[in-house]
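Since every read-out is calculated from the coordinates, none of them should be taken as a lab result. No experiment lies behind these values; they were computed from the predicted model shown. Positions of Cβ are generated from backbone atoms using ideal geometry, with glycine treated the same way; all protein chains shown enter the neighbour counts.
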């Protein structure tokens, strides 16, 4: 029987909003009220629906993590678009098993820690804003990488990548922090991608095209 734990204390709110979304929601609400106040009813209705979508986009549901030795959970909601060994990468030395998750604007965009460990380095790279589903997004787009070392000495990286629409990467952790699997650590606003760079002997349990959930989905096992 599968066992699940809460990595963070569940909220009592029926609909939880990620803090970075609050300014966007306030602006959308004020715009709607202003347009209604000056009797631009059609534009006010359009603005109202935009406000609803912004609230929906910044939803932040609580998630459970499945317990299991070596289980590595998904750091993002979305669809797996790549899962294979790559010869090199800028974050972890040597060959790695790379998994890429594409997040469209309808996915939850809060990112979660995939495995317990210590943040050894953070690498931020300014860049362009290609469609995040393209392979070149991993190398050319704006991105922020966390290099994490587990208690057993395994090193892996999780990389937030801005997309065509995304213009803001949020990271709420620092070098030296100890992080816990399944806990929130940041988000990317309005469509994006997240890459994982793992040891080549990683026992991958997801396939290309599979939909995953941050925290809840087991991506595979660290050997």
Distance between modelled label sites at residue 175 and residue 22, nm, 7 Å Cα→Cβ extension: 3.0 nm
Structure-based [θ]222 nm, the chain - -39500 (n - 2.57) summed over DSSP H runs of at least 4, per residue, nearest 500: -5000 deg cm²/dmol
Gained length - residue 104 relative to residue 13, 0.36 nm times residue gap less alpha-carbon distance: 30.3 nm
Estimated FRET transfer efficiency (residue 86, residue 38; beta-carbon r; R0 45 Å; 0.05): 0.25
Choice from 126, 199, 20 with maximal GNM fluctuation in the chain (Cα, 10 Å cutoff): 126
Reported label for calculated Rg/Rh (Cα atoms, Kirkwood Rh) given (i) 0.94; (ii) 0.97; (iii) 1.01: (iii)
Crossing angle, helix 22-37 versus the chain [Cα axis fit, 0-90 degrees, rounded to tens]: 20 degrees
Region 20-140: C-alpha gyration tensor shape, a/c 1.5 cut-off, then a/b vs b/c: prolate
Residue list for region 83-110, given a label point 7 angstrom along the Cα-to-Cβ vector of residue 120 and an amide N cut-off under 16 Å: 89-97
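In what sequence do 168, 184 fall when counting other Cβ within 10 Å, fewest first? Could you put the intermediate results ahead of the total?
Values: 168 12, 184 20.
So the residues, fewest neighbours to most, are 168, 184.
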Gyration tensor verdict on region 144-212 (Cα atoms; rounded if a/c is under 1.5, prolate if a/b is larger than b/c, oblate otherwise): oblate
